[in-house]
1. Do any trypsin sites (Lys or Arg not before Pro) in segment 204-295 lie in a loop, going by DSSP, with at most 13 other beta-carbon atoms within 10 Å of their beta carbon, and if so which?
2. Take D33 and N66, extend 7 Å from each Cα along the Cα→Cβ direction, and tell me the distance between the two endpoints in nm.
3. Measuring from label point to label point, each 7 Å out along Cα→Cβ, what is the D155 to D251 span in nm?
4. Restricting to DSSP loop positions (anything but H, G, I, E, B) with no more than 13 other Cβ atoms inside 10 Å of their own Cβ, which chymotrypsin sites (Phe, Trp or Tyr not before Pro) remain in segment 115-169?
5. I376 to K305: FRET efficiency via 1/(1 + (r/R0)^6), r the Cβ-Cβ distance, R0 56 Å, to the nearest 0.05?
6. Give me the number: length gained by fully extending A268 to K291, i.e. 0.36 nm times residue separation minus the C-alpha to C-alpha distance, one decimal in nm.
7. Using label points projected 7 Å from each Cα along Cα→Cβ, tell me how many nm separate K213 and A361, to one decimal.
8. DSSP loop GluC sites (Glu not before Pro) in segment 226-271 with at most 14 other Cβ atoms within 10 Å of their Cβ, which ones?
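Every number here is computed from the coordinates shown, using simple stated rules; none is lab data. Please read all numbers here as calculations on a predicted model, not as lab measurements. Reconstructed Cβ throughout: ideal geometry from the backbone, glycine too, with neighbour counts over all protein chains shown.
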Amino acid sequence: MLRRGGSKLLLCLVLALLSVVSAEVFFEERFDDGWEEQWVKSDWKNDENAAGDWNHTAGKWSGDPNDKGIQTYPDYRFFAISAQFPEFSNKDKTLVFQFSVKHEQKLDCGGGYMKLLSGDIDQKKFSGETPYSIMFGPDICGYNTKKVHAILTRDGKNHLIKKEVPCETDQLTHLYTFIIRPDATYSVLVDNVEKQSGSVYSDWDLLPPKKIKDPDAKKPEDWDDKEYIPDPEDKKPEDYDDIPKEITDPDAKKPEDWDDEEDGEWTAPTIPNPEYKGPWKQKKIKNPNYKGKWKSPMIDNPDFKDDPDLYVFPSLKYVGIELWQVKSGTLFDNVLISDDPEYAKKVAEETWAKNKDAEKAAFDEAEKKREEEEKIEDDKDDDVDADDDEDDADLDNEDAEKHDDKKDEDLKDDSKEEDSSLHDEL
Ligand SMILES: *[C@@H]1O[C@H](CO)[C@@H](O)[C@H](O)[C@H]1NC(C)=O
């Protein structure tokens, strides 16, 4: 008895140990000093003077001023930066992709997403054109787009998640986590709370449909799909066409002062005939032979090939940020790529969760200060205000247009439908 109990205990210990040891971290970046050794800034848009830069900072407000991330600057720039890690496949593994984003600039149109890329990539040329495997993170534009993107790429085609995942829109740090498991289920977490989950099979159209309409099927000649037919019993009454459209007004009287010689012969005015019902129409009845609308039968799609490894990205090797921003100020931090959601949770608690209350307090303080300063400014130069407002409106328009263009680039490989749905939202 004792021995068995002991070995059980030992087994428990070994299992516990295994579960601690088993967390594999493929990449982790907290952006401490020396972060630049891991990251390669792309030369993309350098020659057009449109390449953005990165500020190593905790930002204007934070829970811990020493906990820095990297923040986009200046405005109107393309940002592209990436880091390499030892290539791995997520086959038979859980994939956890997690990072935090803070839009300090009160973002009204722009992204805060990151990408995982595969194979060999020239990091100096990393751009919006570079193929990626996974794109994940918040995207905001105007009132309509406030969502978490979760795009999976298969055979060179980007597929948007078919479910809505709302993102955070304030100016504080938020944590985004994407988990893909070996049973092809997935979860999207925002601030450690699950916002969406399901199956990679059903929530992305990665595979062609299992069933399609039989292209060879034809509607049978004798298929009656008329729901209503003219009633053969309904006959036009013989005198129907004799009923005049108008009749003389029976109430009309010749005016007393009517002078036939001067005014001509008096004729009574006409009025619409209440008996007249318009041209005759045969009544319609339900067609007793109606068979319903003809539908092409569904057949197995010859192009469909099931893939038990649908969730697998066999050669993940880079993580990158690639954005266009009109208003800069997005701060990324605590990037993690691991196989262990528990470890990701632990990192979340050590970073985002630990700092969030202090960050909120620091933000409120900064807001108070800003409002006070604005009030002083307002009082100072009332008459410059009108000009300022005009400029702002212009910027906003440009903002939305650029975002549009950018999306076209991003999703150029997408099907028409996906593309247009994205536009509808914008
Ligand atoms: C970097 O961030 C800090 C903190 O917000 C700010 O004071 C500084 O001006 C920023 N630098 C640039 C180049 O934007």
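1. Values: sites: K210, K211, K213, K218, K226, K235, K245, K253, K277, K281, K283, K284, K286, K291, K293, K295; in loops: K210, K218, K226, K235, K245, K253, K277, K281, K283, K291, K293, K295.
Sites meeting the loop and neighbour criteria: K210, K218, K226, K235, K245, K253, K277, K281, K283, K291, K293, K295.
2. That separation, rounded to one decimal, is 1.1 nm.
3. Taking the simple label geometry, D155 and D251 are separated by 7.7 nm.
4. Numbers: sites: F126, Y132, F136, Y143; in loops: F126, Y132, Y143.
Passing sites in segment 115-169 are Y143.
5. Numbers: r = 67 Å, r/R0 = 1.20.
E between I376 and K305, to the nearest 0.05, is 0.25.
6. Working it through step by step, the gained length comes to 2.7 nm.
7. Reported label-point gap for K213 and A361 is 6.3 nm.
8. Working: sites: E227, E233, E238, E246, E256, E261, E262, E265; in loops: E227, E233, E238, E256, E265.
Sparse-neighbourhood loop GluC sites (Glu not before Pro): E227, E233, E238, E256, E265.
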